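My questions all concern the structure below.
The values are calculated or read from the model by the stated rules, or taken from the named source; none is laboratory data. Note that the structure is a prediction, hence the values are computed from the model and not measured. Every residue, glycine as well, gets a Cβ built from its backbone with ideal geometry; the counts of neighbours run over all protein chains shown. In case anyone asks, the SASA skips ligands and DNA or RNA and just uses the protein heavy atoms, side chains included. Shrake-Rupley method; radii C 1.70, N 1.55, O 1.52, S 1.80 Å.
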Amino acid sequence: MKHTYHISGMTCNGCRSSVEEKLSKVEGVINASVHLEKAEAVVEMATHIPLETFRQALPDKYTITTIEDTSFISAAEDIPSNSKKNKLQQLQPLFIIFAYITTASILLHYKNWNTSEAMLDFMGLFYIVFSFFKLLDLKGFPESFRMYDPLAKAIPVYGWIYPFIETALGLMFLMRFEVSIALIATLIILGITTFGVTKTLLDKKSIQCACLGTALKLPMTEATFIENAIMIVMAISMLTQFF
């Protein structure tokens with residue numbers, strides 16, 4: 001018999017291989033096949049194996065549920081506490097970072113307020129901070145990023161250089177160097193990413209967001225779309241002043 005399970009917590013092929021190996025070693029399992037992008041595992045077993053057995057076989061960072069249970073998880077089931085967090089709790093690191101970036105941008109100009117200058121600093125700090133988290137796990141980020149970014153999926157090397165592109169754009173904004181080019185680049189790269197994020201949300205896929213790399217386990221939610229939308233709106237607003 002075969003059963004399909006939902007696996008959350010996987011961010012790269014290394015995670016996929018680890019989960020596949022752990023499931024395959026469970027007594028009674030004939031074969032286990034894990035799909036990273038779908039966040040699913042198809043397990044063939046000789047006889048029925050309780051879900052709890054699979055949970056005990058996997059490290060705490062991974063959560064396994066039956067497909068039917070992915071939307072509504074029974075409170076009676078013994079599921080790791082991190083899977084019970086609501087979206088706001090899971091996205092708390094993202095909100096805190098946004099608050100810090102916004103506050104810093106305001107404080108840099110509060111004495112002689114200039115909206116355009118504050119926006120440029122916000123965009124620069126946004127790129128610098130977000131690229132920092134991506135560079136913490138440069139090996140794992142590309143695999144996670146290509147799960148929803150169309151260009152990274154088509155051209156794998158793009159995922160490897162993306163954090164460095166963000167760093168360069170951040171420095172360009174903060175140093176006021178070729179700002180118009182940086183704004184156009186922002187519209188292109190975030191436009192592509194936002195398209196992928198939108199498609200993922202519409203398809204209701206349960207994957208992790210790579211916006212802060214893989215160091216922080218953030219779910220793909222509407223907040224990911226909003227953060228990109230804010231940057232795109234700022235870029236368009238600033239470009240109208242250049243042309």
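Among (1) open to solvent by less than 70 Å² (accessible area, probe 1.4 Å); (2) in contact with a strand residue (DSSP E or B) (Cβ under 6 Å, 6 or more places away or on another chain), where does K2 come up short?
(1)
Taking segment 113-137, which residues are open to solvent by less than 50 Å² (accessible area, probe 1.4 Å) and more than 14 Å from the chain's Cα centre (by Cα)?
S116, A118, M119, L120, D121, F122, M123, G124, L125, F126, Y127, V129
Let me ask something else. Given the conditions (1) touching a residue at least 40 places away in the same chain (Cβ under 8 Å); (2) open to solvent by 30 Å² or more (accessible area, probe 1.4 Å); (3) more than 18 Å from L218 (Cα to Cα), and given that S33 satisfies all but one, which numbered condition is not satisfied?
All conditions pass for S33, except number (1).
Based on this model, can you work out whether S24 counts as open to solvent by less than 40 Å² (accessible area, probe 1.4 Å), at pLDDT 85 or above and hydroxyl-bearing (S, T, Y)?
no
Among the helices (runs of 4 or more DSSP H) confined wholly to segment 89-153, which include 2 or more residues that are over 19 Å from L169 (Cβ atoms)?
In segment 89-153, the matching helices (runs of 4 or more DSSP H) lie at 92-107, 141-145.
Residue by residue through segment 190-221, note down the ones that are in contact with a helix residue (DSSP H, G or I) (Cβ under 7 Å, 6 or more places away or on another chain), open to solvent by 20 Å² or more (accessible area, probe 1.4 Å) and not in a loop (DSSP other than H, G, I, E, B).
G191, I192, F195, T198, L201, Q208, P219
Taking segment 143-154 as the search range and keeping residues that are touching a residue at least 24 places away in the same chain (Cβ under 8 Å) and surrounded by 19 or more Cβ atoms within 10 Å (Cβ to Cβ), which one is farthest from C12 (Cα to Cα)?
D149
Now for a separate question. Within segment 170-189, can one find any residue that is closer than 16 Å to I230 by Cα, in contact with a helix residue (DSSP H, G or I) (Cβ under 9 Å, 6 or more places away or on another chain) and open to solvent by 50 Å² or more (accessible area, probe 1.4 Å)?
yes
I'm checking my understanding of the structure. Among residues of segment 83-138 that are in contact (Cβ under 8 Å) with a residue 24 or more places away in the chain and charged (D, E, K, R), which one is nearest to A182 (Cα to Cα)?
Applying the filter and picking the extreme gives D121.
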